[in-house]
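Colleague: One structure follows; several queries about it will come next.
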Amino acid sequence: MSAHPAQPPSFEVLIVPAPEEGRDPGRLAEVAVRTAVVRATGELGASGFPRYAGGGLEADIDPATPAVEALLVDGEELDYGLVARVR
């Protein structure tokens with residue numbers, strides 16, 4: 001098991017169309033097709049990063065970067081053409 005920095009209690013995850021990925025992070029909410037606040041579950045996900053869940057999303061998030069390393073949306077993989085970003 002790898003060591004990770006202290007995990008924040010929650011993150012907001014935004015699902016956005018891939019062409020908007022490079023957009024100013026402060027404006028991603030304008031193009032998001034879905035958002036949810038996910039809270040730490042205290043478990044590690046399959047990716048080895050801390051697991052967060054809420055609003056139909058389950059995300060493994062690297063607390064050091066913070067980057068979404070794995071994601072399920074309503075129990076399914078993210079649709080092609082969409083990306084997840086943390087705000």
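The values are calculated or read from the model by the stated rules, or taken from the named source; none is laboratory data. Here the structure is a predicted model, which is why all the values come from computation and not from measurement. So basically every Cβ, Gly included, is an ideal-geometry build from the backbone, and we count neighbours across all protein chains shown.
Colleague: Which is at pLDDT 95 or above, surrounded by fewer than 17 Cβ atoms within 10 Å (Cβ to Cβ), over 8 Å from the mean Cα position of the chain (by Cα) and of a type in the set (Lys, Arg), of 87, 39?
Modeller: On inspection, the qualifying residue turns out to be 39.
Colleague: Also, I was wondering about something else. Please work out if residue 27 is closer than 16 Å to residue 83 by Cα, touching a strand residue (DSSP E or B) at 6+ places or on another chain (Cβ under 9 Å), at pLDDT below 85 and not small (Gly, Ala, Ser).
Modeller: It is false that residue 27 is closer than 16 Å to residue 83 by Cα, touching a strand residue (DSSP E or B) at 6+ places or on another chain (Cβ under 9 Å), at pLDDT below 85 and not small (Gly, Ala, Ser).
Colleague: Can you name every residue in segment 68-77 that is surrounded by fewer than 17 Cβ atoms within 10 Å (Cβ to Cβ) and in contact with a strand residue (DSSP E or B) (Cβ under 6 Å, 6 or more places away or on another chain)?
Modeller: Within segment 68-77, 72 is the sole residue that qualifies.
Colleague: Restricting attention to segment 73-87, report how many residues are under 20 Å from residue 28 (Cβ atoms) and either among the hydrophobic types (A, V, I, L, M, F, W, C) or assigned to a strand (DSSP E or B) (or both). Before you say what the answer is, go through the steps one by one.
Modeller: Here is the first cut: in segment 73-87, the ones under 20 Å from residue 28 (Cβ atoms) are 73, 78-87.
Checking which are either among the hydrophobic types (A, V, I, L, M, F, W, C) or assigned to a strand (DSSP E or B) (or both) leaves us with 73, 78, 82-86.
So the answer is 7.
Colleague: Right, something else. Taking the residues in segment 49-67 that are part of a strand (DSSP E or B) and surrounded by fewer than 17 Cβ atoms within 10 Å (Cβ to Cβ) as candidates, determine which candidate is farthest from the chain's Cα centre (by Cα).
Modeller: The selected residue is 53.
Colleague: Restrict the check to segment 5-21 and report whether at least one residue is among the polar types (S, T, N, Q), part of a strand (DSSP E or B) and modelled with pLDDT of 90 or more.
Modeller: Yes, segment 5-21 has at least one match.
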